[in-house]
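Read the structure below first, then the notes.
We did not get these values from a lab; they are worked out from the coordinates using the rules stated. Model, not experiment: these values are computed from the prediction. Cβ coordinates were reconstructed from backbone atoms using ideal geometry, including for glycine residues, and neighbour counts include every protein chain displayed.
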Amino acid sequence: MLVGKKVEKVFDKFKALDEIDIEIQPGTAMALIGPSGAGKSTLIRALSLIDPPTRGEIDIDGVIYRYPSIKGDRPPIPWPRITVVFQQLFLWPHLTLRENIELPISQIGIQDCWDRAKELIELFELKDYLSRLPYQASIGQRQRVAIVRALALRPKYLLLDEVTSALDVEQVSRLVECINRLRNEGSGVVIVTHLLGFARLVADYFMFIDRGQCVEKARITTLDNPVQERVREFVSFV
Ligand code: ADP
């Protein structure tokens, strides 16, 4: 299980996350929903230890990291167990799209991942573009490469931060298929999204965050009739 306990993140004097409690069970998916600037990406970075919390605890399958850390040492890198895709994608600019997908797989060297990559390249119709460098590809192609690169690793926890902006509806539905497959294989998934339809298709739970605080956490079906007025108001606009 991936657990964040009383996760707090402070930038200078600004509290971006305020005692957030979150649990991602293997085989389930959680949608993080809320207005822009609420703290969703900050929470993804904290859970993946890319930018650890100021205070609180991250528990990755029983290995617990407490903050502030006593030694202030460099955070551990729980990759590929926890794999993140950010909206900004971060492809290696000097490598072709194929190399971008293959380099991480070659690091972990699991045959299943090579097979999965081949399937995903077909599914997301990337075959004809693989020899291009990222700058020669459209945003949508790059977004699909970043998604394929992460999915192919079959991570125990997959965290997706607004990765559908350049996908068309068919590609979103293929992503839904892939996330559900990964979930059925026992992975835990977190998605940050403004697309409530997408959240409803893949998530078991949602957490609504506003100004760094958890406003409501419930089964995804509750999104049709949220308890908190703030959440009601938000979903009525989407
Ligand atoms: P969301 O993903 O919900 O749009 P973010 O997590 O990106 O929100 O940001 C939450 C708040 O924290 C925002 O006010 C943002 O400006 C601030 N913030 C995020 N990262 C940093 C940073 N590295 N330094 C200072 N402030 C930051």
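Which residue, Leu126, Leu151, Leu182, tops the fluctuation ranking in a GNM of the chain built on C-alpha contacts under 10 Å?
The residue that fluctuates most here is Leu126.
Using a Gaussian network for the chain with springs between C-alpha atoms less than 10 Å apart, which of these wobbles most: Gln88, Gln143, Gln213?
Gln88
What is the sum of charges around Arg230, taking Lys and Arg as +1, Asp and Glu as -1, for the other residues whose C-beta is under 11 Å from the C-beta of Arg230?
Surrounding charge for Arg230 is -2.
What's the longest piece of the chain with no exposed GluC sites (Glu not before Pro), counting a site as exposed if DSSP puts it in a loop and it has at most 15 other beta carbons within 10 Å?
Formally, the longest exposed-site-free interval is 1-124.
What are the residues whose amide H is under 5 Å from the amide H of Leu159, where those residues sit 5 or more places off or on another chain and H is modelled from the backbone?
The list, which skips near neighbours in sequence, is Thr83, Val84, Val85, Val190.
What length, rounded to one decimal in nm, is gained on full extension from Lys5 through to Ile108, with 0.36 nm per residue of separation minus their alpha-carbon distance?
The Lys5-Ile108 span can extend by a further 34.1 nm.
Which values, in whole Å and largest first, are the semi-axes of the equivalent ellipsoid of the chain obtained as the square root of 5 times each eigenvalue of the Cα gyration tensor?
One finds semi-axes of 29, 22, 16 Å for the chain.
Take Arg219 and Ile139, extend 7 Å from each Cα along the Cα→Cβ direction, and tell me the distance between the two endpoints in nm.
3.7
Helix-derived [θ] at 222 nm for the chain: sum -39500 (n - 2.57) over DSSP H runs of at least 4, divide by residue count, nearest 500?
When only DSSP H runs of four or more count, the value is -10000 deg cm²/dmol.
Can you put Arg55, Arg74 in order of Cβ neighbours within 10 angstrom, beginning with the fewest?
Arranged by neighbour count, lowest to highest, Arg55, Arg74 become Arg74, Arg55.
Nothing charged except the Cβ atoms of Lys and Arg (+1) and of Asp and Glu (-1): what's the magnitude of the dipole of segment 2-237 about its Cα centre? Round to the nearest 20 debye.
I would put it at about 420 debye.
Add +1 for every Lys or Arg and -1 for every Asp or Glu among the other residues with Cβ under 11 Å from the Cβ of Met1, and state the total.
On the way: positive: Lys156; negative: Glu23, Asp59, Asp61.
Summing Lys/Arg as +1 and Asp/Glu as -1 gives -2.
Asp59: net charge of surrounding residues, Cβ under 12 Å, Lys/Arg +1, Asp/Glu -1, itself excluded?
-1
Neighbouring Cβ atoms within 10 Å as the yardstick, rank Thr28, Thr221 fewest first.
Listed from fewest to most nearby Cβ atoms, that is Thr221, Thr28.
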